[in-house]
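Below: one structure, written as structure tokens.
The values are calculated or read from the model by the stated rules, or taken from the named source; none is laboratory data. All figures in this text were calculated on a predicted structure; none of them were measured in a lab. For neighbour counting, all protein chains shown are included, and Cβ atoms are generated from backbone atoms with ideal geometry for every residue, glycine included.
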Amino acid sequence: MEQANQSDDQSRRRRERVLCAVASIPTAAGREHAVIDWLEAWAQQRQDVELTRDALGNIVMQPVGACDASPIVFAAHLDHPAFVVEKRENADLVHAQFRGGVMTPYFKDARVVIHTSGGERPGAVVQTVADPDPHRACVLRADADVRFDAVAPGDIATWDLPAARIATNDAGDRLLDAPACDDLATVAAALCAYETLLETGTARQRNVQLLFTRAEEVGFVGAIGACKSGTIPPGARILALENSRSFADSPLGAGPIVRVGDRMSVFSPVLTASVAKVAQGLTEKADCAPGEAAREACEASKQRAFRFQRKLMAGGVCEASAYCAFGYEATCVCLPLENYHNMGDVDAVESRVKSGATAVAAPIAPERIHVEDYHNLVTLLIACGETLDSAPPLVDRLTKMYEDRKGVLM
């Protein structure tokens, strides 16, 4: 038992290192190259996985020697709302597009960092911002004693935030604060789950694949292209992975969310039910044995007990809607997220903007997820890779219920 616990702890620490590393990588719609480089380096260290790119630059990973079965695909996007430099006006000013959805008040005097190809990281402030058309045109002003000589078109600028880190709050919850949880936290989860499925041979035996798409934040460009170009094989079952804005009924710490739909559509009901069935099978309740040591071990076990939620999450739209629209069987599993798109106090800011307030304090903040939600997502993905099957049709369940209970009418 002690060895098993040590192995579990080592696995958790390794997965958390991957999470922190990936969630710290600068990325933007159409400029996902740094994350792609990281993925390619990961794949090159393995002999059991093949990495390819499609015509749009989406990344596909599949096991070497996979069976001919229709694949199970874990899909996540590689971009996050950020600036892309268009031109350098002089040593003090650059023009940039902001690609992604962030409300206007958050740009006022916001601090950013430009990530140059040469490794320099000059700081700047947002001087002006325009309305989206389709992207926001921004002017970035260099900090005092900073020059933009090394800045070039195509460089990414991100909000000036610390690298990803895990900390424990006063309630004892371990939380990740990161520049970009959406969607890099689920990229990390997919990789960690895939590592296990590759090592056990399950990925090869059940043809489990990964799809990492580009430019989701500006309209599912990579996902739509993958559908239209045939990157995704016919018959594939797609689990789109997301980080979705948390609400009171979808809190951090209550587990990853089997998402039945979004603001645009309801996802494939049979596949959604199948994923929920796998999640329900992972749910366990621990009964504490007497004795202080046993109780402590039991409480620790309860803290790590598998939890999941099942919600509509109608606050936004995710790639599962695109996959369904193009005829694929698809659903979504997401991590509940605070500070969605780095918008701190987003509920209060959104309320004041809707009320017509002209002066709105809007702080940029790290995105935040619960670390146990992340670990539970990895667990769920491994279980889906191993056991995902079609759930019994609803009509069968209803018929059985009818046969069992129709006696009340006699």
Test: residue in the stretch 181-188 that is out of contact with any Phe, Trp or Tyr (no Cβ under 7 Å at 6 or more places or on another chain) and on the phi > 0 side of the Ramachandran plot: no
Any chance Pro132 is touching a strand residue (DSSP E or B) at 6+ places or on another chain (Cβ under 9 Å) and at pLDDT below 95: yes
Some residue of the stretch 156-169 being part of a strand (DSSP E or B), out of contact with any Lys or Arg (no Cβ under 8 Å at 6 or more places or on another chain) and among the hydrophobic types (A, V, I, L, M, F, W, C): yes
Hits in the stretch 92-143 - residues which are free of Cβ contacts under 8 Å to residues at least 40 places away in the same chain, in a strand (DSSP E or B) and within 13 Å of Trp159 (Cα to Cα): Gly123, Ala124, Val125, Val126
Qualifying residue in the stretch 154-170 (condition: under 21 Å from Arg31 (Cα atoms), surrounded by 13 or more Cβ atoms within 10 Å (Cβ to Cβ), more than 28 Å from the chain's Cα centre (by Cα) and aromatic (Phe, Trp, Tyr)): no
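One line per residue, one yes/no per condition, for (1) closer than 23 Å to His80 by Cβ; (2) part of a loop (DSSP other than H, G, I, E, B); (3) out of contact with any Ser or Thr (no Cβ under 7 Å at 6 or more places or on another chain); (4) not assigned by TED's automatic domain parsing to the domain that holds Ala28:
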{"residue": "Glu242", "(1), (2), (3), (4)": "yes, no, no, no"}
{"residue": "Asp249", "(1), (2), (3), (4)": "no, yes, yes, no"}
{"residue": "Leu252", "(1), (2), (3), (4)": "yes, yes, no, no"}
{"residue": "Arg263", "(1), (2), (3), (4)": "yes, yes, yes, no"}
{"residue": "Ser274", "(1), (2), (3), (4)": "no, no, no, no"}
Residue ranges of helices (runs of 4 or more DSSP H) in the stretch 301-401 with at least 3 members β-branched (Val, Ile, Thr) and at pLDDT 95 or above: 371-387
Which numbered condition Pro234 fails, given (1) out of contact with any Leu (no Cβ under 9 Å at 6 or more places or on another chain); (2) modelled with pLDDT of 95 or more; (3) on the phi < 0 side of the Ramachandran plot: (2)
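Scan Glu32, Glu40, Glu16 and give me the residue that is surrounded by fewer than 18 Cβ atoms within 10 Å (Cβ to Cβ) and not polar (S, T, N, Q). Explain how you work it out, then say what you get.
Numbers: Glu32 fails: surrounded by fewer than 18 Cβ atoms within 10 Å (Cβ to Cβ); Glu16 fails: surrounded by fewer than 18 Cβ atoms within 10 Å (Cβ to Cβ).
Unique residue meeting the criteria: Glu40.
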Number of the exception - Val146 against (1) surrounded by fewer than 13 Cβ atoms within 10 Å (Cβ to Cβ); (2) assigned to a loop (DSSP other than H, G, I, E, B); (3) not basic (Lys, Arg): (1)
Conditions (1) among the acidic types (Asp, Glu); (2) closer than 25 Å to Glu50 by Cα; (3) at pLDDT below 95; number of the one not met by Asp145: (2)
Ser229 vs. criteria under 16 Å from Ala330 (Cα atoms), of a type in the set (S, T, N, Q) and surrounded by fewer than 19 Cβ atoms within 10 Å (Cβ to Cβ): no
Count of the stretch 39-78 residues which are assigned to a loop (DSSP other than H, G, I, E, B) and either touching a strand residue (DSSP E or B) at 6+ places or on another chain (Cβ under 9 Å) or on the phi > 0 side of the Ramachandran plot (or both): 11
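Could you say which residue among Leu176, Leu161 is more than 27 Å from Gln45 (Cβ to Cβ) and either charged (D, E, K, R) or modelled with pLDDT of 95 or more (or both)?
Working: Leu176 fails: more than 27 Å from Gln45 (Cβ to Cβ).
After applying the criteria, what remains is Leu161.
Output the residues belonging to the stretch 181-199 that are more than 17 Å from Val60 (Cβ to Cβ) and in contact with a helix residue (DSSP H, G or I) (Cβ under 8 Å, 6 or more places away or on another chain).
Residues of the stretch 181-199 that are more than 17 Å from Val60 (Cβ to Cβ), as a first pass: 181-182, 184-185, 188-189, 192, 196, 199.
Selection gives Asp182, Leu184, Ala185, Ala188, Ala189, Cys192, Thr196.
I'd like to know if the stretch 21-32 contains one or more residues that are part of a strand (DSSP E or B), under 30 Å from Leu140 (Cα atoms) and assigned by TED's automatic domain parsing to the domain that holds Ala178. Spell out how you get there, then give the answer.
Of the residues in the stretch 21-32, the ones part of a strand (DSSP E or B) are 28, 31.
Narrowing further to those that are under 30 Å from Leu140 (Cα atoms): 28, 31.
Of the ones still in play, those that are also assigned by TED's automatic domain parsing to the domain that holds Ala178 are 28, 31.
Within the stretch 21-32, one or more residues are part of a strand (DSSP E or B), under 30 Å from Leu140 (Cα atoms) and assigned by TED's automatic domain parsing to the domain that holds Ala178.
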Val258 vs. criteria touching a strand residue (DSSP E or B) at 6+ places or on another chain (Cβ under 7 Å) and in a helix (DSSP H, G or I): no
Per-region count, the stretch 259-286, residues under 16 Å from Ala240 (Cα atoms) and surrounded by fewer than 17 Cβ atoms within 10 Å (Cβ to Cβ): 6
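Answer yes or no as to whether Ile114 is surrounded by 16 or more Cβ atoms within 10 Å (Cβ to Cβ), outside the structural domain of Cys334 (by TED's automatic domain parsing) and within 27 Å of the chain's Cα centre (by Cα).
Numbers: surrounded by 16 or more Cβ atoms within 10 Å (Cβ to Cβ): yes; outside the structural domain of Cys334 (by TED's automatic domain parsing): yes; within 27 Å of the chain's Cα centre (by Cα): yes.
It is true that Ile114 is surrounded by 16 or more Cβ atoms within 10 Å (Cβ to Cβ), outside the structural domain of Cys334 (by TED's automatic domain parsing) and within 27 Å of the chain's Cα centre (by Cα).
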Residue in the stretch 53-69 that is surrounded by fewer than 18 Cβ atoms within 10 Å (Cβ to Cβ), polar (S, T, N, Q) and in the same structural domain as Ala203 (by TED's automatic domain parsing) present: no
Complete set of residues in the stretch 338-354 that are under 25 Å from Val218 (Cβ atoms) and touching a helix residue (DSSP H, G or I) at 6+ places or on another chain (Cβ under 9 Å): Glu338, Asn339, Tyr340, His341, Asn342, Met343, Gly344, Val346, Val349, Val353
